[in-house]
Amino acid sequence: MKILALITAVVSFCCAVASAQPSQWDADAATVFTRVNLLPMDTDRIVRNQSVVVEHGKIVAIGSTVAIPAGAHIVDGHGVNFLSPGLADMHVHSDTTGDMKVYLANGVTSVLNMGEASNAFNAQLRPAINRGKIAGPHVYAGFLIDGSPQYGHFVVATPEQARAIVGLAKTNGYDFIKVYNNLSPASFEALMEEARSQHMAVIGHGVTRVGLERQLDAGQLMVAHSEEFFYTTFSHPDDQNPGGSGQMDSAPNLDEIPAAIAFVKRNHAFVTADLNTYATIARQWGKPAVLERYMHMPETRYLAPSRRLAWRDEGYSLRQGDLDGRVEFLKRFIKKMSDAKVSLIVGTDAPTIPGLVPGFSLHDDLQALEEAGLSRYQVLSAATRTAGEFIQRSVPDGEPFGTIKIGSRADLLLSEKNPLENLSTLRAPLGVMANGHWYAEPALHALLDQVASRYDSLFKP
């Protein structure tokens, strides 16, 4: 009963639309960033000592000298600070105001919820967040469907049901259809046809009975995990090895990578470079001590108690085998995709996987991608510019974001140092602009304090 009461209290907190926000500037007044060094993210360059004018959440002027609107708020970069696009996490499973605040405090200004957010979040909280009424990033949403109840997802069993679900998802404001593992080929084909006619993009997993190559050829726009290629594209050497410990332990042959890259590029598809996500699973695979360490990370203060309970029950630490070979393969695969100019985006799957706290885990993924050999510009592009390109390709009337240019949504992150010299400077933003509001560093800390204090209070007598 105590656990039930705890979860109920968390849900009540997270679904409150009228939550208090830290002090911030009026979105109706112009904001001018002066004497900042710009990372426009259109190319690998820095433009020094610039000013950027924002009105009604859009960038309206950029230059070394700009006209400052009357009554504008000024953010001074003093000639030394750097202004870059806000970060985008294109694979999350967060649907609480607490998580939204934590994302924002980490410089994340756009997220894609990849399925099974609550109806209240999608119908009420999400619009309020996107209007700037509640602190958080701009939220996109996918409707998740599968072909069986094996994983507990919404099921469509026939082509007729697949067609019907597209209209239902669109009526309820979803931006995407996300496909899962067990869809039948007939249902997948019907889904693709109807989604095309309704102008909804299809994204998601590899469908076991279809395969990623056929899925992308049919029009699926995005692969939700880089490891999906393990399950429907690459071979598994241990499958035919009686002494092996199963396909979860086997890494494919590197010679198979070029063919996979070829069909991705042929279809101009996007792939989620979630290297840290898979590595985090691998680190705790069969290792209860690692799970325990995740449970006591400092950032778990910002994780809802209900999620902490779910982490305990996830079960990766009870598995057998070793995923290290696959992690090393993914590093090589993602690096080769990046070098081949595959459109990579960043996604974390937070907070469903133990060890992945909203916002914080995105920075860990950026670090993992750099350690895999991607340049800092390539890494930052995946978290900014390419995410914006993905939304522009897939969401009708989607606002441009991910670059600093006139007409783009003013998703902005002010940092002390140059991210192209050290990505870790993005972990401590001096301020963030999202959904028309500017949050200076003290306001970002206040958001984190609100979340941690509320969660901590649930454990006090």
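Listed values, structure above:
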read-out: Test: residue in the range 19-33 that is assigned to a loop (DSSP other than H, G, I, E, B), hydroxyl-bearing (S, T, Y) and modelled with pLDDT under 95; value: yes
read-out: Number of positions in the range 207-217 that are crowded, with 19+ Cβ neighbours inside 10 Å and either closer than 20 Å to S197 by Cβ or among the β-branched types (V, I, T) (or both); value: 4
read-out: In the range 425-459, the residues that are part of a strand (DSSP E or B) and open to solvent by 10 Å² or more (accessible area, probe 1.4 Å); value: H437, W438, A440
read-out: For G402: the one exception among (1) in contact with a strand residue (DSSP E or B) (Cβ under 6 Å, 6 or more places away or on another chain); (2) in a helix (DSSP H, G or I); value: (2)
read-out: Flag if S343 is more than 23 Å from H445 (Cα to Cα), open to solvent by 20 Å² or more (accessible area, probe 1.4 Å) and among the small types (G, A, S); value: yes
read-out: Residues that are in contact (Cβ under 8 Å) with a residue 60 or more places away in the chain, of a type outside the set (G, A, S) and open to solvent by 10 Å² or more (accessible area, probe 1.4 Å), drawn from the range 49-66; value: H56, K58, V60, I62
read-out: Of residues in the range 357-415 being basic (K, R) and more than 17 Å from G107 (Cβ to Cβ), the one nearest to the chain's Cα centre (by Cα); value: R393
read-out: Residue within the range 330-352 that is more than 25 Å from S110 (Cα to Cα) and acidic (D, E) present; value: yes
read-out: Single residue of E421, E328, E389 found to be in contact with a helix residue (DSSP H, G or I) (Cβ under 9 Å, 6 or more places away or on another chain) and acidic (D, E); value: E421
read-out: Close pairs (6 angstrom Cβ cut-off, 6 or more residues apart or separate chains): open to solvent by less than 80 Å² (accessible area, probe 1.4 Å) and among the acidic types (D, E) in the range 149-177, modelled with pLDDT of 95 or more and assigned to a strand (DSSP E or B) anywhere; value: D175/Y140; D175/A141
read-out: From T384, T403, residue being closer than 25 Å to G79 by Cα, modelled with pLDDT of 95 or more and open to solvent by 10 Å² or more (accessible area, probe 1.4 Å); value: T403
read-out: Yes/no for A141 being touching a His at 6+ places or on another chain (Cβ under 8 Å), modelled with pLDDT of 95 or more and either open to solvent by less than 10 Å² (accessible area, probe 1.4 Å) or within 26 Å of Y231 (Cα to Cα) (or both); value: no
read-out: Yes/no for A368 being open to solvent by 10 Å² or more (accessible area, probe 1.4 Å) and either touching a Lys or Arg at 6+ places or on another chain (Cβ under 8 Å) or touching a residue at least 60 places away in the same chain (Cβ under 8 Å) (or both); value: yes
read-out: Those residues of the range 67-111 which are open to solvent by 40 Å² or more (accessible area, probe 1.4 Å) and either under 30 Å from L144 (Cβ atoms) or of a type in the set (V, I, T) (or both), in sequence order; value: I68, I74, V80
read-out: 1 or more residues over 24 Å from the mean Cα position of the chain (by Cα) and of a type in the set (F, W, Y): qualifying helices (runs of 4 or more DSSP H) within the range 143-219; value: 185-198
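For (1) exposed (fewer than 15 other Cβ atoms within 10 Å of the Cβ); (2) touching a helix residue (DSSP H, G or I) at 6+ places or on another chain (Cβ under 7 Å); (3) modelled with pLDDT of 95 or more, each residue gets a yes or a no:
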{"position": "H236", "(1), (2), (3)": "no, yes, no"}
{"position": "T280", "(1), (2), (3)": "no, no, yes"}
{"position": "R283", "(1), (2), (3)": "no, yes, yes"}
{"position": "R293", "(1), (2), (3)": "yes, no, yes"}
{"position": "H296", "(1), (2), (3)": "yes, no, yes"}
{"position": "R301", "(1), (2), (3)": "no, yes, yes"}
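Yes/no matrix, rows are residues, columns are (1) touching a residue at least 40 places away in the same chain (Cβ under 8 Å); (2) buried (at least 17 other Cβ atoms within 10 Å of the Cβ):
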site: F360; (1), (2): yes, yes
site: F390; (1), (2): yes, yes
site: P396; (1), (2): yes, no
site: G407; (1), (2): yes, no
site: L423; (1), (2): yes, yes
site: P461; (1), (2): no, no
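The values are calculated or read from the model by the stated rules, or taken from the named source; none is laboratory data. Quick caveat, the model's predicted, so the values are computed rather than measured. Glycine also receives a Cβ, built like all others from the backbone with ideal geometry; neighbour counts cover every protein chain displayed. Side chains are part of the model used for accessible areas, which takes the heavy atoms of the whole protein and leaves out ligands, DNA and RNA. Shrake-Rupley method; radii C 1.70, N 1.55, O 1.52, S 1.80 Å.
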